[in-house]
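Note sheet for the following structure.
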C-alpha cells in the first residue's frame with residue numbers, strides 16, 4: 001500500500017501545525033487508498049544543518065540525520081503542513097528538508113498551509129525547493145486562513161471548500177505517488 005507522510009512543519013510552542021495535521025489525517029485515513037501517518041518535526045530535533053557532506057552525497061555522519069533519513073525514506077509521498085512565517089515556510093521545515101536528498105527523489109508532495117493569508121507564499125517557496133529535490137508537487141493545495149478557517153483564531157473549523165481542496169490534494173498525491181513508483185525502483 002502507498003505510504004504518505006503528513007509532515008508537521010512547525011515546532012513553535014502553541015503551534016497550529018499539529019491541529020492542522022490531525023485534521024488532514026482525520027480526512028485521509030478513511031479513504032483507504034493509502035496508509036497515512038503523521039511525521040512531526042518535534043519528534044526529530046535536528047540542529048541547524050550540521051552534516052559535513054551535502055545531502056546529495058548520501059553519507060550521513062550524525063545519528064539524528066540517520067534517524068531522520070530512515071523516517072522519511074519509507075514514504076512514497078508527502079503532505080507538508082506549513083505555516084507562513086515572513087512570507088515563507090518555517091525555518092525548521094526548510095532545515096529538515098535540507099538534511100536529505102535521495103529520500104525525497106521521485107516522490108509526490110502536496111501542501112496544506114495556514115496563516116493570515118492562508119500560507120500561499122510559504123507553499124510557493126516549498127515548490128521551488130521541491131523541484132531541486134526531484135520531488136513532484138501536485139497542483140491542488142489547501143490554504144487555511146486564520147480569518148475564515150479558525151474560530152477566534154484558535155479552533156480549526158475549515159470551510160467546506162477547504163475539505164474539497166484537501167480531497168483533491170490527497171487524490172493527486174496518492175495518484176502521483178503511485179505513478180512515480182516505477183521511477184523509485
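For the reader, a short list of remarks on this structure follows.
- Each of the peptides 133-139, 13-19 was scored by the mean count of other Cβ atoms within 10 Å over its residues; in descending order, highest first, they stand as 133-139, 13-19.
- Crossing angle, helix 160-179 versus the chain [Cα axis fit, 0-90 degrees, rounded to tens]: 20
- Protection-proxy order for peptides 70-77, 29-36, 103-110, 81-88, each taking the mean of Cβ atoms within 10 Å per residue, highest first: 103-110, 81-88, 70-77, 29-36
- DSSP bridge orientation in region 3-184 - percent antiparallel, rounded to nearest 5: 10
- Length released on extending from residue 183 to residue 29, taking residue separation times 0.36 nm less the Cα-Cα span: 52.9 nm
- The peptide list 95-101, 160-166, 172-178, put in order of mean Cβ contacts within 10 Å with the highest first, becomes 172-178, 95-101, 160-166.
- In this structure, residue 125 and residue 12 have a Cβ-Cβ separation that, at R0 = 22 Å, corresponds to a calculated FRET efficiency of about 0.80.
- The alpha carbons of region 80-129 occupy a box of 33, 19, 15 Å along the principal axes, longest dimension given first.
- Using only alpha-carbon positions in region 45-126, the gyration tensor eigenvalues give semi-axes of 24, 15, 10 Å once each is multiplied by 5 and square-rooted (largest first).
- For region 3-184, the pair-distance distribution built from all alpha carbon pairs, in bins 10 Å wide starting at 0, is 10, 40, 37, 12, 1 percent.
- Gyration tensor verdict on region 115-185 (Cα atoms; rounded if a/c is under 1.5, prolate if a/b is larger than b/c, oblate otherwise): oblate
- Region 44-97 and region 141-170 have their alpha-carbon centroids 26 Å apart.
Here, each number is a calculation from the coordinates, and none is a lab measurement. Every value quoted in this text rests on a predicted model; they were computed, and no experiment measured them. A quick note on method: Cβ atoms are made from the backbone with ideal geometry, for glycine too, and the neighbour counts reach across all protein chains shown.
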